[in-house]
Amino acid sequence: MTAVDLFMRLAQTHKPDCHMSLDGPPPETVPDPEEMARTLGSDVVGRYAAACRPVYEDLRRVIGQVSGLLILARLTSRTEIADLNEMQLCRARWREAAERLATLEAPTGLSQHKVQLTSAHHFSGEAMNAFAGLRSGVDNSTELDRMGIQIKRAYAHLEAASSSKAGLQMVDFTHACCSCAQQN
Amino acid sequence: MADYSIWVCEYSYVAKYHKSGVLYGAHNQGYVKLPYCYVVIKGRDHVAMVDVGYNDKAYGKVLGDRFGVENWRDPKVVLAEVGVAPDDVDTCFISHAHFDHFGNVEDFPKAKFYIQEREISKWVWAMSLPDRMRWMMVAVDPGDIVRGVGLAAEKRLVTVNGAMEDVLPGIDLHAAPDSHTWGSMWVTVRNDGQKQSQDTWVLAGDLVYQFSNISNSGAVVDVDTMYTPVGLAVGSQTNLILATEEMMSQVGYEARRVIPIHEEGLRDAFPSRITKDGLRVTEICLADGEKSMVA
C-alpha cells in the first residue's frame with residue numbers, strides 16, 4: 001500500500017472517519033473489462049472477466065458478511081463473533097479469494113482493475129481479522145469504528161471494479177421486483 | 001380524529017412487469033405496471049417513512065438498461081410533492097433489505113432506521129452458503145449492509161426482534177419471518193391512537209404487492225376471492241398467506257386498509273394525482289388539520 005503523508009491527507013481532504021483516510025491506492029473507477037474489450041479484443045478480456053467473476057463473488061460475500069457481523073458486534077457488544085461458524089466460513093472464502101487473486105493475470109490495460117480487486121481483498125481482510133482483537137468487558141468502539149472504515153473502503157474498491165456486462169455486479173437482480181422485460 | 005397523514009409516493013416504475021412475479025402461479029398471463037413507491041407518514045410531530053427506495057447513482061443504469069425501470073426521481077423531488085424534505089424525516093421503517101426498499105439511507109441523514117434483526121442475521125448466514133445456493137441472496141446489495149454499519153455506529157440503526165408496539169405513538173411494527181424475505185415486517189398505524197383502533201392502516205411492504213394478493217379470484221376452489229401470495233418468497237408462500245391473514249384481521253378485513261406499494265390500482269381506491277414528473281402521489285388519509293396534497 002502506498003504511504004501518503006497523514007497530516008496532509010487529513011488536513012486537506014478527509015476526516016479521520018472517512019474511508020479515504022486509509023493508506024493505499026484510491027478506489028476509483030477504472031476501465032472495466034467491457035470497455036477494454038474494444039481495444040484489447042474480446043477473447044483476452046473475456047478470459048480475464050471470467051477469471052474475475054469468482055474473485056468478485058467471494059469479495060462481495062466477504063464484505064456483506066463482515067458488515068453484517070459488524071452490525072451484530074456493535075449492537076450487542078458481544079465479542080464471540082470471531083468464533084461463529086459464519087466467521088469461519090467467511091475466512092475460508094477470503095483465503096479462497098487470495099488464492100484466486102494470486103493466479104489472476106490481468107492483461108495490459110486492466111492492471112488497475114486488478115488493483116481494485118486486490119485492495120478490496122486487503123481491506124476486507126483487515127476488517128475481518130480485527131474481530132479476533134475485540135475484547136469482552138471493555139469498550140471496543142474505537143476498534144469497531146476502524147473496522148467500519150475498512151469495510152467501507154473495501155466496498156468502494158469492489159464497486160470501482162464492478163461491470164454489469166462483465167458479470168461483476170453487486171446485486172443479483174434476477175428475481176428482484178424489477179426482473180422483467182430484460183433487455184439483453 | 002386522525003393523528004397521521006399517510007401518502008404513498010411513487011419514485012420510479014417498471015412499465016411491464018411479468019404478472020407471475022406479482023401473483024403466485026399467474027404464468028403466461030402477461031404484464032402489469034409495477035410502481036416503485038415509499039410511504040410518508042406525517043403527524044404527532046414526526047415525519048416517518050416506510051422504506052427509502054434505491055439510489056439511482058448506484059443502480060440506475062443497470063436497472064434502466066437491463067430491466068426497463070423508468071423515471072427514477074430523487075427523494076427531494078418526490079417528497080416535496082407532499083410538502084416535506086428528506087431532512088425532515090426522523091424515522092424510517094425498513095420493511096425488508098431488498099435494494100429498492102433499503103438502498104438509499106444516505107438521503108435521510110437525520111432519520112433513525114428500524115429493521116428486523118432477522119433480516120440482517122439470516123442474510124449474513126445466506127451469504128455464507130455455497131454458490132449452488134446463491135438464489136437465497138437475490139436482490140440485496142452488500143453496500144446497503146455496509147451503510148448499515150455506519151448507521152449502527154451513529155446509533156441510528158435499531159434492530160427489532162418481532163413485534164414492537166408504539167415505536168411512534170400509535171405506530172406498531174409486526175414481523176413476518178421467512179416470508180418474502182427472512183425478516184420482512186409491516187407497519188400498522190392506529191390512527192385514532194386507541195389500542196382497539198377503529199381507524200387502522202397497514203403498510204404492507206412487499207408482503208402484498210397489489211390488491212390482487214388479497215382479493216384474487218377463488219373460482220378454482222369455488223369461493224369468491226382468496227389470498228394469493230406474491231411470486232417471490234425466500235421463505236414460503238404459506239408464511240405470506242399467514243401474514244396476510246394477520247394484516248387483514250388488524251383492519252377488520254377491510255381490504256382497502258392494507259396498503260400495497262407496488263399497486264397502480266391505488267388510484268381507484270384513494271384520491272391521487274400525477275406530478276409534473278409523471279409519478280403518482282396517493283393520499284391514503286389526512287391528519288386533523290392537514291391539507292390535501294392531491295386536491
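The values are calculated or read from the model by the stated rules, or taken from the named source; none is laboratory data. Everything numeric in this text was worked out from a predicted model, so none of it was measured. Glycine gets a Cβ as well: all are built from the backbone with ideal geometry, and neighbour counts include every protein chain shown.
Conditions tested, residue by residue: (1) modelled with pLDDT of 95 or more; (2) more than 14 Å from chain A (Cβ to nearest Cβ).
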| residue | (1), (2) |
| --- | --- |
| B:PRO86 | yes, yes |
| B:ALA97 | no, no |
| B:HIS101 | no, no |
| B:PRO109 | yes, yes |
| B:ILE115 | yes, no |
| B:TRP123 | no, no |
| B:ALA126 | no, no |
Candidates B:LEU203, B:LEU207 - the one that is surrounded by 20 or more Cβ atoms within 10 Å (Cβ to Cβ), away from every other protein chain (no Cβ under 14 Å) and within 30 Å of A:LEU72 (Cβ to Cβ): B:LEU203
Any hit, the range B:171-193, residues being surrounded by fewer than 19 Cβ atoms within 10 Å (Cβ to Cβ), free of Cβ contacts under 8 Å to residues at least 12 places away in the same chain and not aliphatic (A, V, I, L, M): no
Residue check, B:GLU283 within 27 Å of B:MET226 (Cα to Cα) and either in contact with an Asp or Glu (Cβ under 6 Å, 6 or more places away or on another chain) or in contact (Cβ under 8 Å) with a residue 24 or more places away in the chain (or both): yes
Some residue of the range A:103-121 being at pLDDT 95 or above, within 18 Å of the chain's Cα centre (by Cα), buried (at least 19 other Cβ atoms within 10 Å of the Cβ) and under 30 Å from B:PHE113 (Cα atoms): yes
Conditions (1) at positive phi; (2) within 14 Å of another protein chain (Cβ to nearest Cβ); (3) surrounded by fewer than 24 Cβ atoms within 10 Å (Cβ to Cβ): number failed by B:ASP222: (2)
Residue identified as facing chain B (nearest Cβ under 9 Å), in a helix (DSSP H, G or I) and either at pLDDT below 95 or surrounded by fewer than 17 Cβ atoms within 10 Å (Cβ to Cβ) (or both) among A:ASP172, A:ASP145: A:ASP145
Qualifying positions in the range B:128-151 - within 7 Å of chain A (Cβ to nearest Cβ), without any contact (Cβ under 8 Å) to a residue 12 or more places away in the chain and outside any helix (DSSP H, G or I): B:SER128
Hits in the range B:1-16 (condition: in contact (Cβ under 8 Å) with a residue 60 or more places away in the chain and either assigned to a strand (DSSP E or B) or within 13 Å of chain A (Cβ to nearest Cβ) (or both)): B:TYR4, B:SER5, B:ILE6, B:TRP7, B:VAL8, B:CYS9, B:GLU10, B:TYR11, B:SER12, B:TYR13
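Got a sec? Which strands (runs of 3 or more DSSP E) wholly within the range B:183-295 have at least 1 residues that are within 25 Å of B:ASN71 (Cα to Cα) and within 20 Å of the chain's Cα centre (by Cα)?
Ranges flagged: B:200-203, B:272-274, B:280-285.
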Where a residue in the range A:88-106 is more than 14 Å from chain B (Cβ to nearest Cβ) and its partner, wherever it lies, is of a type in the set (Ser, Thr, Tyr) and surrounded by 14 or more Cβ atoms within 10 Å (Cβ to Cβ), with Cβ under 8 Å and at least six apart: A:LEU101/A:THR118; A:LEU104/A:TYR48; A:GLU105/A:TYR48; A:ALA106/A:TYR48
Hits in the range A:153-165 (condition: at pLDDT below 95 and either basic (Lys, Arg) or more than 8 Å from the chain's Cα centre (by Cα) (or both)): A:ALA160, A:ALA161, A:SER162, A:SER163, A:SER164, A:LYS165
Answer residue from the range B:29-59, given it is crowded, with 24+ Cβ neighbours inside 10 Å and not in a strand (DSSP E or B) and is farthest from the other protein chains (Cβ to nearest Cβ) among those: B:VAL52
Check on A:LEU59, away from chain B (no Cβ under 14 Å) and crowded, with 17+ Cβ neighbours inside 10 Å: no
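Among the candidates A:ARG47, A:ARG78, A:ARG53, single out the residue that is in a loop (DSSP other than H, G, I, E, B) and either of a type in the set (Lys, Arg) or touching a Cys at 6+ places or on another chain (Cβ under 7 Å) (or both).
After ruling out the rest, the residue left standing is A:ARG78.
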Contacts under 6 angstrom Cβ, first residue in the range B:93-113 being surrounded by fewer than 20 Cβ atoms within 10 Å (Cβ to Cβ), partner modelled with pLDDT of 95 or more, 6 or more apart: B:ASP107/B:PRO75; B:ASP107/B:PRO86; B:LYS110/B:ASP87; B:LYS112/B:THR91; B:LYS112/B:ARG156
